[in-house]
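Notes follow once the structure below has been shown.
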Amino acid sequence: MQTEHLRQLDRQLVWHPFTAMSAWEDEDFPVIAAAEGFHLIDTDGRRYLDGHSSLWCNVHGHRVPAIDAAIRDQLDRVAHSTLLGLANLPSIELAGQLVQRAPAGLTKVFFADCGAAGVEVALKMAWQYHRQKASPESRDLFVCLSHAYHGDTVGTVSVGGIDEFHSLFGGLLFPTLRIPTPATPGLSLDDCLRHTEEILTANADRIAGVIVEPLVQAAAGILVHPPGYLRGLRQLTERLGLLLIADEIAVGFGRLGTLFACEQEDVHPDILILSKGLTGGYLPLAATLTTEEIYEAFLGDPWAGRTFYHGHTYTGNPLACAAALASLKLLEENEVLLNARKIERVLAEELTADGSAAWMRHVGAIRRRGTMAGIDLALDPAQLTPFPPQRRAGHAVMLACRERGVILRNIGDTVVLYPAPAMPVGLVRELCQTVREALAELRPDA
Ligand SMILES: Cc1ncc(COP(=O)(O)O)c(C=O)c1O
C-alpha cells in the first residue's frame, strides 16, 4: 500500500532521465529504500542484485563501512566549502592521490561534479589552451568517434554520436569532425587507423583536441575496441601535435581490471576525465587531469585574460573527495582490480555463445571486456533482423530480470551487464544465470 502510494506520487511529480514517461506510468517500478552489499532493497523489502552498479558507478557495493565512516567523519568537519578562493583538505589529498596513480605527465587536477561537467572542462580547457599558446592558431574543431557518448550537456552532446539520443539536438550543437569507431563491423584496425590518419592530417591545424572513450564505448552498447587502437590513436595525435582527451568516466576505477584503461596500452593522454567510480559510486564528483604544459598556458598576470573561467558550486566538494579517498584505499586493500579480472573470466564462461541454448534464441551478438558485457537482441539472430521497436525487447528482458530480483538496464535492444568490480564472482554467476533465464523467456511477440 505504501509502495503504491509512493509510485503514485512519483508518477505525479518525478520526470525520470532517459525514460519514456508514458510507458513508465504503466510500470510497477520498485521504490528503493535501502541497500546492503551488492543488493538494493525496495519499500516492500524485496532485494535486487545491483547488476548495473547503480548506473555504472558503484565499485565496492553499497553501505561499505569504510566509505560510510569516511563520509561521516568528514561530515563532522565540514560538508561543503567552495574551491573558489579557498582550498580544502580532502580535495588537496585526493588531487595528490590521483596524480600519483594517473598516467605519467598528468599533474594538475580540476574538479567538477558530474561526468558531463568534467568533459566540458576538458573541451573548454583544450580550446582556451590553443588560444593562449605562444603561437595561437585557430583550432576550432573537436574530433570524436562515431557512436561516441560523453554526456548530455550541449557541449558533450556535440562530441557525441548516438543518433537516438543526440540527432534531435543537431541545430544546437557545435560542429565536429567524426572518425570511425574501430568497432565498426568489417573495418580492420589498420583501415580504421589509416582513415583516421587521413582525416586528422587533412585538418590538423584546425583540431583543438581528439576525444575518445578508451578501449570500450559503453553507452553505445559496450562497443569493444581492438587491441592497439588506443595506442595507434595516441601515436597519430602525438605525431600531428594534437591533444588527446581520454574520457575514462565509464571505464576507469577497475572496470577493465586496471585502475585506468589507458594503462593497458601504455597511453599518456594530454587530458584525462574521471567520474562515476571515482567516489566508489557514492557521491557526484569528477576530476579532469592535465599536464604542466596545458596548465602553464593559463598562467599570466590576473588582468591578462588567461584565467580559466570555469567552475561549479560543488567543485571539489569535501564529502565527495573524502568518499573518493576511502574508495581508492579500498581498491588496494581489497585487491579489487584482481577481482575485476576474475569477473572478466566469469563473464566469458557464463556468456559464451552456445547456438543451441534456449537463451541464445534471440541473441544476435555478445560483446565483453572487463566487468562489462553487452548482449544484442535480434528477432532472427542468423540474419541480425532487429525486433520491431514496439516490441521493446530489451526493456522486456530488463523487466524479466527485475521480476527475478536483478536490476540492470538495457540500451535499446542491447542488454548491458555492468557488475561492480568488487562483486564476488558467485554473485556475478547468479547475475548471468538470471539474464540467461530472462533471455530464454523472450518471445517475438509481447
Ligand atoms: C564515457 C562517458 N562519459 C561521460 C558520461 C557522463 O557522465 P554523467 O552522467 O555523470 O554526466 C558518461 C555517462 O554514462 C559516460 O559513459
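The values are calculated or read from the model by the stated rules, or taken from the named source; none is laboratory data. None of the values given here were measured: they were computed from a predicted structure. Here the Cβ is made from the backbone with ideal geometry for all residues, glycine too, and neighbour counts use every protein chain on show. Just the protein is used for accessible areas: all its heavy atoms, side chains included, with ligands, DNA and RNA removed. Shrake-Rupley method; radii C 1.70, N 1.55, O 1.52, S 1.80 Å.
What separates the Cα centres of the range 323-400 and the range 52-93 is a distance of 30 Å.
Looking at the chain, the DSSP beta bridges with both ends there are about 65 percent antiparallel.
Roughly how big is the chain's charge dipole about its Cα centre, with Cβ charges of +1 (Lys, Arg) and -1 (Asp, Glu), in debye to the nearest 20? Please list the in-between numbers first.
Details: 38 positive and 53 negative charges, 38 e Å.
Using Cβ point charges on Lys, Arg, Asp and Glu, the chain gives about 180 debye.
Solvent-free Debye calculation, one equal scatterer per alpha-carbon of the range 211-323: log10 I(q)/I(0) at 0.21, 0.22 Å⁻¹ equals -1.19, -1.24. Calculated on the alpha-carbon coordinates, the convex hull of the range 67-333 measures out at 130 cubic angstrom per residue.
For the chain, give the percent of accessible area contributed by carbon and sulfur heavy atoms, probe 1.4 Å, rounded to a whole number. Can you show the working numbers first?
Working: 10870 of 19580 Å².
On the chain, the fraction of accessible area on carbon and sulfur atoms equals 56 percent.
Computed packing ranks the peptides 54-61, 203-210, 329-336, 25-32 as 54-61, 203-210, 329-336, 25-32, most packed first, by mean other Cβ atoms within 10 Å. For the chain, what is the accessible area per residue in Å² when the probe is 1.4 Å? Each residue of the chain exposes 44 Å² on average to a 1.4 Å probe.
By the gyration tensor of its Cα atoms, with a ≥ b ≥ c the square roots of the eigenvalues, what is the shape of the chain: rounded for a/c under 1.5, prolate for a/b over b/c, or oblate?
Note, shape of the chain comes out oblate.
Phi angles of the range 147-163 translate, via the Karplus equation with coefficients 6.51, -1.76, 1.60 and θ = phi - 60°, into HN-Hα couplings of 6, 6, 9, 10, x, 10, 7, 4, x, 6, 5, 4, 9, x, x, 9, 3 Hz per residue; Gly and Pro are given as x.
Relative contact order of the range 67-333, please, whole-number percent, based on alpha carbon pairs below 8 angstrom and at least 6 residues apart.
Values: 498 pairs, mean separation 80.2, N = 267.
Relative contact order for the range 67-333 comes out at 30 percent.
Take each of the peptides 301-309, 272-280, average the number of other beta-carbon atoms within 10 Å over its residues, and list them starting from the highest. Could you put the intermediate results ahead of the total?
Details: 301-309: 10.1, 272-280: 28.7.
Averaged packing, sorted descending, gives the order 272-280, 301-309.
Dipole magnitude of the range 67-333 about its Cα centre, charges +1 at Lys/Arg Cβ and -1 at Asp/Glu Cβ only, in debye to the nearest 20?
Numbers: 18 positive and 30 negative charges, 63 e Å.
In debye, rounded to 20, the range 67-333 gives about 300.
Dipole of the range 1-70 computed with +1 at Lys/Arg Cβ and -1 at Asp/Glu Cβ about the Cα centre; of 66, 35, 3, farthest Cα towards the positive end is 66.
The angle between the Cα long axis of helix 393-403 and the longest principal axis of the Cα atoms of the chain comes to about 70 degrees, rounded to the nearest 10. Our coupling estimate for the range 259-274, obtained by passing each phi through the Karplus curve with A = 6.51, B = -1.76, C = 1.60 and θ = phi - 60°, is 4, 10, 5, 4, 4, 5, 10, 6, 9, 10, x, 7, 9, 10, 10, 10 Hz, Gly and Pro reported as x. Loop-located GluC sites (Glu not before Pro) in the range 229-310 (DSSP state other than H, G, I, E, B) with a sparse environment of at most 14 neighbouring Cβ atoms within 10 Å are absent.
Here the Karplus curve 6.51 cos²θ - 1.76 cosθ + 1.60, taken at θ = phi - 60°, turns the phi angles of the range 184-201 into couplings of 4, x, x, 9, 6, 4, 4, 5, 4, 5, 5, 5, 4, 4, 4, 5, 5, 5 Hz, with x standing for Gly and Pro. For the chain, the longest principal axis of the C-alpha atoms and the axis of helix 425-441 are separated by about 60°.
With contacts taken as Cα pairs under 8 Å and at least 6 residues apart, the chain reaches a relative contact order of 20 percent.
Would you mind checking the tilt of helix 65-75 against the longest principal axis of the Cα atoms of the chain, expressed as 0 to 90 degrees and rounded to 10? Computed tilt is about 50 degrees. Which residue, 49, 233, 215, tops the fluctuation ranking in a GNM of the chain built on C-alpha contacts under 10 Å? Most flexible of the set in this elastic network: 233. For the range 313-446, the mean projected area of the C-alpha convex hull, equal to one quarter of the hull surface, is 10.3 nm². Candidates 143, 257, 221 compared by Cα position along the dipole of the range 67-333: farthest toward the positive end lies 143, with charges placed on Cβ.
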